[in-house]
Structures are given as structure tokens and as C-alpha cells.
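What follows is a single structure, and I will ask about it in a moment.
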Amino acid sequence: AILNFVRNGGGLLMVADHTGSDRNSDGWDSPRVWNDLGTDTAFGIHFQSTSEANSNITDTSFNVSTVPGDSIIAGTAGTVAALSYHNGTTMTMLPANNPTVTGHVWPPGLAHGNTQVMAVTSRYGQGRVGAVGDSSPADDGSAQPGNSSIFNGWTGDGATDNILFLNMSIWLSTRAPAVTPPAQVMLQYPTDLS
């Protein structure tokens, strides 16, 4: 249902967390849940999970995309200077599975390649997908009483997480011409699932 929603023009914002972020103790952490959806194949995005490198990092990174016209970094809501992670996972982009996959933020000092990406987008069918590997950047610092494992990532740490999420949300809600996924994706996820 989620893949069909995106293929038919929907926008999906995937927010994961670090490896071991199994909040209901059922053996499934958030990177594993997203990967089980088929994000590797359909969207070209792999969330680093248990026993994989860079699956639990803390960093404020100013290493943002410098590609002209990147509306996630320089969009309607403003310009992103940095993204702040407080125990989050990175992602690997798989352009052979989805050539539209695009990175926007990497940890400090890393080349803008396909690995250790902190914020990613891609297109699938008529829809769009955005991914961030940590929930802290979207956290406004409020929680139920007694919960101390929260951060004001929305406006804290000198990062501009709020601008990244707003630009990404605007991009996700914009309709675009259809992108034909690779043949193996269409075979794996048929349009009619009845």
C-alpha cells in the first residue's frame, strides 16, 4: 500500500533512528522496518542497521550539498546550513536500483558520495520520497513528563533542521512527471495487489 501510494503520486517522509531503536521491543528497529518495506529496491535508499557501519552517529554536519538548484538545501523555507544528529543512522544510496536517488547532507569531512548520507530524496513513479536517519532533527524538545531522551533538534545546536524538514516537505508535496522504476522493481511490486 505504501509503495502504491508513492507510485501514484504520494509524498513519503521516512524518519528512521539509530540501530537498536526498537521502541516496542519486538525485535525490529526503525532502520530494519524501512529496509523491510523494500526501500533498497524501490527508492534506492538503504538504512544502515545492526552490524553495519555508521548506524549510530552523533554529529552536527555543515557538509551539505553544493549542487545548484538543490531545493532541499536552498528552497522555499530558506537555506540549510547544517543538520544535527543525536544517535541516528546513515544511509547508502543505490543508484543502480533507482537512478533518481540524491544525497543532501553527509557527515563532516566526507566526500559527497553514495555512503554515509544523512538526508536523501528520490522519486518513484509519480511520487517522491525523503529520508532522514534520525528522529532528533524533527524533535521540538517537548515530551511526556519524565522523558529525558529528547532534544530540541528543530532549532537547537546551531543547525537548521527545521529548514531542511520544511524544504523537504514542500518538495514531497509537489507533483512531478512520472519516473519509470527499473524493471525488477515493477515486477516485485505490481500495481494491482488484490
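What figure in square angstrom, to the nearest 10, would you give for the accessible area of residue 166 with a 1.4 Å probe?
80 Å²
Considering the Cα trace of region 46-173, what is its radius of gyration and what is Dmax, both in angstroms?
Gyration radius and largest Cα-Cα distance of region 46-173: 14.3, 46 Å.
With a ≥ b ≥ c the root eigenvalues of the C-alpha gyration tensor of region 1-92, is it rounded (a/c under 1.5), prolate (a/b larger than b/c) or oblate?
Oblate, because a/c is 1.5 or more while a/b does not exceed b/c.
Right, here's the next one. Please report the relative contact order for region 1-99, taking Cα pairs under 8 Å with a sequence separation of at least 6, and give it as a percent rounded to a whole number.
Worked out over region 1-99, it gives 31 percent.
Round to a whole number: what % of the accessible area of region 18-159 belongs to carbon and sulfur, probe 1.4 Å?
Looking at region 18-159 in its full context, I get 51 percent from C and S.
Solvent-accessible area per residue for region 1-87 at a 1.4 Å probe radius, Å²?
That works out to 45 Å² per residue.
Let me ask another. Among rounded, prolate and oblate, which fits region 71-132 when a ≥ b ≥ c are the square roots of the eigenvalues of its C-alpha gyration tensor, a/c under 1.5 means rounded, and a/b larger than b/c means prolate?
oblate
The values are calculated or read from the model by the stated rules, or taken from the named source; none is laboratory data. On a predicted model such as this, the values are computed, not experimentally measured, just so you know. The accessibility values were calculated without ligands, DNA or RNA, using every heavy atom of the protein model including side chains. Shrake-Rupley method; radii C 1.70, N 1.55, O 1.52, S 1.80 Å.
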